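Okay, structure first, notes after.
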Amino acid sequence: MSAGKVVVVGSLNADLTVRTDRFPQPGETLNGSELVIVPGGKSANQAAAAAILGADVRLFGAVGADGHGDLLLKAAAAAGVDASRVLRRTDTATGTAMIVVDAAGENTIIVSPGANGTVTGAELPENLFDDAAVLTLSLEVPLDAVTAAACAGHDAGAQVLLNLSPYREVPAELLALTDVLLLNTHEAALVTGLTDPAADWEAVIAVLGQLGVRRTIITLGGDGAVVLDGTAQGADRVVSVAPTRVTAVDTTGCGDAFTAATAARLAAGDSLVEAATFAARAGALAATREGAQSSYSALAELAG
């Protein structure tokens, strides 16, 4: 599929997942299922999903010299990801994410950064961005590493795709280096200061334009997505992407599947609207199976 490489810089976590009928209230204890430990982390998820979709993927990040690190590197290799540049820390544990999934397939997640928190921009390999068409970034590693990667990827000619998750304020320099910003509606409200971004997409385009961002995808959960393009004219400035209706089993990792599919299709030469339309299908399909990376085998149906 890929006309150029997808480079992913960021996090690798071991996902510790338990299922329960509903989320507990403060101070409440509930019984849950048996604990399941599977590979995860936003960036590792995105790399695996993009590779399964047919992209040529290179991953950079850090894990500990422990069993969880072994699990993550083996999973990346099994998905077809080049993880040879992932660093192994001997003094820090691999990052972990503690996930609770309810009967409706919704989840809550608490992340312990571990080795992810040690990644620095100075450690980016010199050849990391060779032949890179798209660089995919999220915010589970330090901002200096994210910004340094964006700068290096931009200089190498890659499209910089920034998934502003988990949300935090980011430097203006990082937004100015971003070719495509990927948000959900909650994150869009936070970054723009607009109470209801969906009430006026042109206002969102204007605010993001002032921040240096020209093209944006905003995911709308079960209602699909919207592509905002401040460089376009007329109806092409705001394009709705129809949802793919499925029966959700587990939404863990669905956003990462969306991000990965966007990156894979942009690397293959699709327009932003074409990539987002494909990504909506990928994100929905990932929700039909349990887990994050464990659900991405379903994405092979979309590859090609």
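Couple of notes before you dig in:
- Residues located in the range 190-232, provided they are in a strand (DSSP E or B) and either over 22 Å from residue 280 (Cα atoms) or of a type outside the set (A, V, I, L, M, F, W, C) (or both): 215, 216, 219, 229
- Residues of the range 1-16 that are aliphatic (A, V, I, L, M) and either surrounded by fewer than 15 Cβ atoms within 10 Å (Cβ to Cβ) or over 20 Å from residue 61 (Cα atoms) (or both): 1, 3.
- Top-ranked residue of the range 195-251 - restricted to ones that are within 24 Å of residue 170 (Cβ to Cβ) and among the hydroxyl-bearing types (Ser, Thr, Tyr), ranked as surrounded by the fewest Cβ atoms within 10 Å (Cβ to Cβ): 195
To keep it simple, each residue is scored yes or no on (1) surrounded by fewer than 18 Cβ atoms within 10 Å (Cβ to Cβ); (2) touching a Phe, Trp or Tyr at 6+ places or on another chain (Cβ under 7 Å); (3) at pLDDT below 95.
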| site | (1), (2), (3) |
| --- | --- |
| 143 | yes, no, no |
| 153 | no, yes, no |
| 162 | no, no, no |
| 165 | no, no, yes |
| 177 | no, no, no |
| 182 | no, no, no |
| 192 | no, no, no |
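- Against the conditions (1) within 18 Å of residue 8 (Cα to Cα); (2) surrounded by fewer than 23 Cβ atoms within 10 Å (Cβ to Cβ); (3) aliphatic (A, V, I, L, M), residue 81 satisfies every one except (2).
- Hits in the range 187-226 (condition: charged (D, E, K, R) and free of Cβ contacts under 8 Å to residues at least 40 places away in the same chain): 187, 196, 200, 202, 214, 223
- Checking each residue in the range 171-199 for being out of contact with any strand residue (DSSP E or B) (no Cβ under 8 Å at 6 or more places or on another chain) and β-branched (Val, Ile, Thr) picks out 192, 195.
- Residue within the range 233-244 that is out of contact with any strand residue (DSSP E or B) (no Cβ under 9 Å at 6 or more places or on another chain) and part of a helix (DSSP H, G or I) present: yes
- In the range 78-91, the residues that are among the hydrophobic types (A, V, I, L, M, F, W, C) and outside any loop (DSSP other than H, G, I, E, B): 78, 79, 87
- Enumeration of residues in the range 158-189 that are more than 25 Å from residue 129 (Cβ to Cβ) and assigned to a helix (DSSP H, G or I): 185, 186, 187, 188, 189
- Flag if residue 261 is of a type outside the set (Ser, Thr, Tyr), buried (at least 24 other Cβ atoms within 10 Å of the Cβ), in contact with a Phe, Trp or Tyr (Cβ under 7 Å, 6 or more places away or on another chain) and closer than 20 Å to residue 226 by Cβ: yes
- Test: residue in the range 284-304 that is out of contact with any Gly (no Cβ under 8 Å at 6 or more places or on another chain), surrounded by 24 or more Cβ atoms within 10 Å (Cβ to Cβ), closer than 20 Å to residue 222 by Cα and modelled with pLDDT of 80 or more: no
- Residue 136 fulfils the conditions (1) loosely packed, with under 15 Cβ neighbours inside 10 Å; (2) closer than 26 Å to residue 170 by Cβ except for a single criterion, (1).
- Qualifying residue in the range 17-31 (condition: in contact (Cβ under 8 Å) with a residue 40 or more places away in the chain, surrounded by fewer than 24 Cβ atoms within 10 Å (Cβ to Cβ), farther than 24 Å from residue 143 by Cα and among the β-branched types (Val, Ile, Thr)): yes
The values are calculated or read from the model by the stated rules, or taken from the named source; none is laboratory data. All values derive from a computational prediction rather than experimental measurement. Here Cβ is always computed from backbone atoms with ideal geometry, including for glycine, and neighbour counts include all displayed protein chains.
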